[in-house]
Structures are given as structure tokens and as C-alpha cells.
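Report on one structure; see the data block that follows.
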Amino acid sequence: MARALTSDFAPIGLPAKGVLIVFCNPDLKFGPATVRLLRPTLDLIRRAAAADRFAGKSGSALDIVAPAGLKVSRLIVLGVGKPEDAKTEAKTDTKTNAKPRDFVRLGGVAMGRVPGRESEVAIVAETGSGPMTPDEAADLALGAMLRAYAFERYKTKTKEGEERAKSVALTVGTARPADARKAWRTRQPVADGVVIARDLVNEPPNVLSPVEFARRASALRKAGVGIEILDERAMKRLGMHALLGVGQGSERESRIVIMRWNGGRRSQPPIAFIGKGVCFDAGGISIKPAAGMEDMKGDMAGAACVVGLMHALAGRKAKVNAVGAIGLVENMPDGNAQRPGDIVTSMSGQTVEIINTDAEGRLVLADVLWHVAKKFKPRAMIDLATLTGAIIVALGQEYAGLFANDDELAARLSAAGETTGEKVWRMPLAPEYDKLIDSKFADMKNTGGRYGGAITAAQFLQRFVGKTPWAHLDIAGTGMGSPSTDINRSWGSGFGVRLLDRLVADNYEA
Ligand code: BES
Ligand code: MN
Ligand code: ZN
């Protein structure tokens, strides 16, 4: 579980304790409200800046402990560079200001300067160029919240000097607190959704079984999300033997959870999100090597994202009908496990020859995609999966792989990626790749050979979506084992929650 994080907005004023963070442009250029606020200590700041050669360059900071004239324990002056820097960094060609992701990032940078033991943080939402808009102030808070996240549930000891606050309360100072609070109302559920996703990904696999995952997803009921859980009996009745075959080597039962948020017009078909939820991927009989196998607790990052996203959509009362569906299994070797050479019949009726039991994610998704397409006839269907090591070889950990049978959907996802900073890069689908998964004995096989592994995996999924506009995000590189960024220090990044929330907000709301 993450430590408790709260965020509020208040008129700009001097806090009585904790850490105070202000922004400045080069040459110690503060905004007018900041100048007024810091008056008792401006001289001290000037001397400290001169002594430290602090010029207000982007990302640089002046850290003053127990500043005379203020009551706070620490004053941090954070440089934001020249006003136009933000724009060039965002690579925006419009005349508008910086993108939301820049303020989110700035909030992360600010929170990153706060020592872990501090539980109260105040940030003034103003730069040398003037006050931030309510949206910008709320984005700032979002970034700070995401940066403050830490998964510490299983830490019972702290090393000396590394004490950490159990909770962090952030106050953003702004001239328009009421408007900023309103802007925050659409962001808080998104921040919480990211936290939900990160917690799920970080949780160990002994604790987070498919049944336990389903139980935690059911908590969305409180937010007004309809929950339906399919157990193995229900899946058998539906003929989901591709998914069931993966789970059959585990002592733990498989589950599918279907989440529904109906915030749109009754007649509007839903947009559907499908997540791979392999709670632990040992590889099955085609067992993985020992080194790094512990990371395969994160093989449910797609499912975690869908849960976090549904929380976000419901929490901000998105005017959209949305379905979330997650396939929860554990892929284990066992006397009863599925074998290479087995042929299973998927819910669609198509048969699959199992070549490698470690290519299990596509088998799980095949039945969930088919079920969702048939049952809900969605206007679009997007799946997220830590599907292949090959996508990490291709794109590293910066971009998720994007595959789509629909150019408009792909373009919308790319745009949402640019706005949020959760970036996606489109990869090809083509009949020549599809051929590679034809099987001698069945309709298809579950691997396509050494080359283009992320693509043949996507081709496999495409055989289960029919004509539904569909996109697949391979998040093996971005959803887990994530490199540290300004807004994420967590192993599980929660990748996809902000991306898809933005996709919905920009394209699918009434
Ligand atoms: N869950 C893995 C993919 C993965 C690898 C995710 C590394 C995150 C980090 C997936 O189930 C898998 O094992 N894929 C195989 C497919 C192969 C057997 C065709 C892979 O990528 O090696
Ligand atoms: Mn696998
Ligand atoms: Zn897997």
C-alpha cells in the first residue's frame, strides 16, 4: 500500500511548518505573489543564491534549511528556466503554452526535492512569468502526488537517517483556489487510479492471486462501477479453453472480472478496455530461467491499469459508457499444467496449438477479447498487456508498442500519449506476419518464431477481435521495472491510466 497522499488548494500564504516550495525564472525572477510572500526573507535568498551560484536554471534548486523570517523547516527555490523553455521541451508547434505534461512533471520535480521524512508540503503555483492557471496548478498537484508515491507496505524497519513520513499532505497556493479545486476534481480520481494500478503491480504474487485480485477490483463497486466475476465454471460454460488452459497448472483458480461504468447515454455503445492479468508468469512447462523471474509478479500490469482507469472514469463521472475486462490467471508448471503440443479450442471456436506455454498472455486475451466483442459490441476495444520481451528489444522502456486495425484510433492514442507523456509508438500489422502463426495441426499456433515477436503476438490477438476497431498496447517495457522519472519512483508505474483517461476525455465523452 502506498503512503497516504492528500492534496488541497489554498490562497497563497506562509505555512507555519513543513516545506515551502517556490518557483523562479533566471536571475531570481519571482512572480509578484511570491515576492510578497518571501519579503521577510528575500535578502537571505539573494545571499544564499549568490553563495550557491544559483541562477534559476531549469531543474536547479536552492535549498535553505530553517530560513530566518519564515516558520517553515525548509524553503526550496526551484528554477524553471526561461519562460519559453517549457514550450520547446514539449515540442509543441502551437502558439499555446506548455503542455499539461510539463506542469505534471514540474510538480514531480518539486516533490522530488522534499526529504522523505517531511509530511507537509506547500507549493506556490506561480513562476517568474506569473500565476499558473487553475488547470496548471492542478496538473502541478497531480505530478507532486505521483512523485510522492512509495510502496512501503512490507517494510517494517527504517535505517537511521532514512525515516519516512507515513503520509504527505500537499497544499498548492494559488490566487484561485476554488477554480483549482474544481480542476483537481477531475484529476484526483486519475491520481488515485494510478496509485491503485501501481499498488497492484507492486504487490507480491503470494498475496495477489487471481481470486484476491478479483476481490480488490470489486472495491470499485463503491465508486458506482458494476462488477461481474466469472469463475472457472462460468468460463467453461462459455468455452474459454484458451484462458483456462493457462490457469490449469496453478493451484489457484482463474477469474475474469468485468467492470462497467455507464456515464454516457443509454444508446451509446461502450468503449472497452481489456487487461492481461497474469498474476505470476513462471512460464509454465516452458519454464523461465531463474534470473529475474520475480519480476513476473508484474505480468498483470495491463489488468492493473484497467482497474485504475475504471476508478478514474467513475471517480470523475466521465460521460462515457466504458467496459473493463481483465483475465486473471497464474501460469505455473505442474503435473496438470498444459503441455507444448496441446491443442485448445478458444471461445471463438478457433483452435490453437500450444508451442510454448510461456506465450500465455495472448491465450488469456484471446478469450477475453472475443467475449467482450461479442457481448458488448463496443465502439472500440483497447487491450493492455505485458505481452512480449520483444517489444522491450524494439522500443526499450520509453514507448509502449501500439498495434491497431484502425488508423483513427491509433492516431488518437498517439495524441493522448504526447499530451500525457505516456508515449506509444505504432508498430505494423500485415498478412505476411499473420502467416507466421499458421499451424500444421490447428488453426494457429501460439508463437511465431524468433523474429518480430511483438508483432506476431499482436497478429495472434487480431484473430480474436473481428471487425471491432481495436488497439493493442504492449506495455512489457513501460508497465513494470520502470526507470525512475520525475513523476514515478515506483517499480510498477501505473502506465496507461493517464493515457487512456485522456483518450476518453478527448474523444469519447458526450
Ligand atoms: N510476460 C512475458 C513477457 C514479458 C517479458 C513481460 C519481460 C515483461 C518483461 C510473456 O508472457 C512471455 O513470456 N513472452 C515470451 C513469448 C515467447 C515465448 C514467444 C517472451 O517474450 O519471451
Ligand atoms: Mn510468459
Ligand atoms: Zn506473461
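The values are calculated or read from the model by the stated rules, or taken from the named source; none is laboratory data. Since we're looking at a predicted model, the values are computed, not measured. When we count neighbours, we look across all protein chains shown, and the Cβ atoms used for this are built from the backbone with ideal geometry, even at glycine.
Among the listed residues Ala303, Ala325, Ala318, which satisfies the condition of being out of contact with any Gly (no Cβ under 7 Å at 6 or more places or on another chain) and closer than 19 Å to Ala197 by Cβ?
Just a single option satisfies the conditions, and that option is Ala325.
Can you tell me which residue in the stretch 389-425 is nearest to ligand 1 (Cβ to nearest atom), limited to those that are surrounded by 24 or more Cβ atoms within 10 Å (Cβ to Cβ) and β-branched (Val, Ile, Thr)?
Only one residue fits best here, namely Ile391.
Checking Val306 against (1) more than 13 Å from ligand 2 (Cβ to nearest atom); (2) more than 21 Å from His371 (Cβ to Cβ), which single condition isn't satisfied?
In the conditions (1) more than 13 Å from ligand 2 (Cβ to nearest atom); (2) more than 21 Å from His371 (Cβ to Cβ), Val306 misses (2) alone.
Of the residues that sit in the stretch 270-289 and are within 11 Å of ligand 1 (Cβ to nearest atom) and assigned to a loop (DSSP other than H, G, I, E, B), which one is surrounded by the fewest Cβ atoms within 10 Å (Cβ to Cβ)?
Residue satisfying both the conditions and the ranking: Pro289.
Is it the case, given these coordinates, that Val77 is at pLDDT 95 or above, under 24 Å from Thr420 (Cα atoms), among the β-branched types (Val, Ile, Thr) and touching a strand residue (DSSP E or B) at 6+ places or on another chain (Cβ under 8 Å)?
No: the conditions fail for Val77.
Does the stretch 189-230 hold any residues that are out of contact with any helix residue (DSSP H, G or I) (no Cβ under 9 Å at 6 or more places or on another chain), more than 30 Å from Pro483 (Cβ to Cβ) and either aliphatic (A, V, I, L, M) or in a loop (DSSP other than H, G, I, E, B) (or both), and which are they?
Result: Val211, Ala214.
May I ask you to say which residue of Ala476, Ala471, Ala457 is within 25 Å of Leu243 (Cα to Cα), of a type in the set (A, V, I, L, M) and more than 19 Å from the chain's Cα centre (by Cα)?
Ala457 is the lone residue from the list that is within 25 Å of Leu243 (Cα to Cα), of a type in the set (A, V, I, L, M) and more than 19 Å from the chain's Cα centre (by Cα).
Report, by residue number, each residue of the stretch 9-28 that is touching a helix residue (DSSP H, G or I) at 6+ places or on another chain (Cβ under 7 Å) and at positive phi.
Residue satisfying the conditions is Leu28 alone.
For Thr386, indicate whether it is touching a strand residue (DSSP E or B) at 6+ places or on another chain (Cβ under 7 Å) and either farther than 29 Å from Leu230 by Cβ or of a type in the set (Ser, Thr, Tyr) (or both).
Answer is yes for this residue.
Give the number of residues within the stretch 238-252 that are under 17 Å from Thr351 (Cα atoms) and outside any loop (DSSP other than H, G, I, E, B).
7
Among the candidates Gly224, Gly161, Gly173, which residue alone is free of Cβ contacts under 8 Å to residues at least 24 places away in the same chain and not basic (Lys, Arg)?
Residue meeting the stated conditions: Gly161.
How many residues does the stretch 98-128 contain that are β-branched (Val, Ile, Thr), in a helix (DSSP H, G or I) and in contact with a strand residue (DSSP E or B) (Cβ under 8 Å, 6 or more places away or on another chain)?
Selection size over the stretch 98-128: 1.
Return the pairs, sorted by first residue and then second, in which the second residue is of a type in the set (Phe, Trp, Tyr) and more than 14 Å from ligand 3 (Cβ to nearest atom), the first residue lies in the stretch 345-373 and is under 18 Å from Ser250 (Cβ atoms) and in contact (Cβ under 8 Å) with a residue 24 or more places away in the chain, the beta carbons are less than 6 Å apart, and the residues are 6+ apart or on different chains.
Cβ pairs passing all conditions: none.
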